[in-house]
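K.L.:
So that we are looking at the same thing, I have put the structure below in structure tokens.
The values are calculated or read from the model by the stated rules, or taken from the named source; none is laboratory data. The structure presented is a predicted model; accordingly, all values stated were derived computationally and were not measured. Please note: Cβ atoms are built from the backbone with ideal geometry, for glycine as well, and neighbour counts cover all protein chains shown. Areas reflect the complete protein model, heavy atoms only, side chains present, ligands, DNA and RNA absent. Shrake-Rupley method; radii C 1.70, N 1.55, O 1.52, S 1.80 Å.
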Amino acid sequence: MALHCPECGFVNADGANYCARCGAFLAPTDSGTSGPATATYRVGETGEIEPIDLDEVVAHGAVLVIRSGGGRTGESFPVEGQRITIGRRPDSDIFLDDVTVSRDHALLVKRGEEWFLDDLGSLNGTYVNRQRIESDRLSDGDELQIGKYKLAYLSR
């Protein structure tokens, strides 16, 4: 059974929790309509959680949002610069602290005007839209899985 996104109408694969095109939550609420989008935040310099407006962030460029895993749902990371390291190493640009994540798990790299996700030989693999990848060009709404973490890549 295909799932239609209540926000944009995109037909998603059975079992999808979020729309592959716009990132909207797909599970119906008691009222039969889509639930609210995941609240997004960043951890400020003082360690305090600071809520952010996702539309405002995406207007300035791409963003990764943790959809599930590690109790960090809603945490977001702007995709900027040329390279972003992802892994269990504490000095990674995106630090995912779980044994299912390799120390140097994956790399987001800008090639031309496009962003690519490259697996760095991780033990558990890197997935985009449930497909194991070595390298993949990212598109708005792609679901990334790195260890037990699921992230949405959003760019508009």
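K.L.:
Output the qualifying pairs, or none if there are none: Cβ atoms under 8 angstrom, residues six or more apart or on different chains, first residue in the stretch 95-117 and more than 18 Å from residue 66 (Cα to Cα), second residue open to solvent by 60 Å² or more (accessible area, probe 1.4 Å) and part of a strand (DSSP E or B).
P.N.:
109/83; 110/83; 114/137
K.L.:
Moving on. Consider residue 120 against the criteria (1) at pLDDT below 95; (2) open to solvent by 20 Å² or more (accessible area, probe 1.4 Å); (3) touching a strand residue (DSSP E or B) at 6+ places or on another chain (Cβ under 7 Å); (4) of a type in the set (A, V, I, L, M): it satisfies all of them except one. Which criterion is unmet?
P.N.:
Only one criterion is unmet by residue 120, namely (1).
K.L.:
Sticking with this structure for a sec: I need every pair where a residue in the stretch 120-138 that is of a type in the set (Gly, Ala, Ser) has its Cβ under 7 Å from the Cβ of a residue that is open to solvent by 60 Å² or more (accessible area, probe 1.4 Å), sequence separation at least 6 or different chains.
P.N.:
Taking only residues 6 or more apart or on different chains, the pairs are 125/132.
K.L.:
Ok, one more. Can you find, within the stretch 128-154, the residue that is farthest from the chain's Cα centre (by Cα) among those that are aliphatic (A, V, I, L, M) and part of a strand (DSSP E or B)?
P.N.:
By that ranking, first place goes to 133.
K.L.:
Let me ask another. What is the one condition in (1) closer than 28 Å to residue 10 by Cβ; (2) in contact with a Gly (Cβ under 8 Å, 6 or more places away or on another chain) that residue 130 does not satisfy?
P.N.:
(2)
K.L.:
Residues to consider are 43, 79, 99; find the one that is modelled with pLDDT of 85 or more and open to solvent by 70 Å² or more (accessible area, probe 1.4 Å).
P.N.:
The unique qualifying residue is 99.
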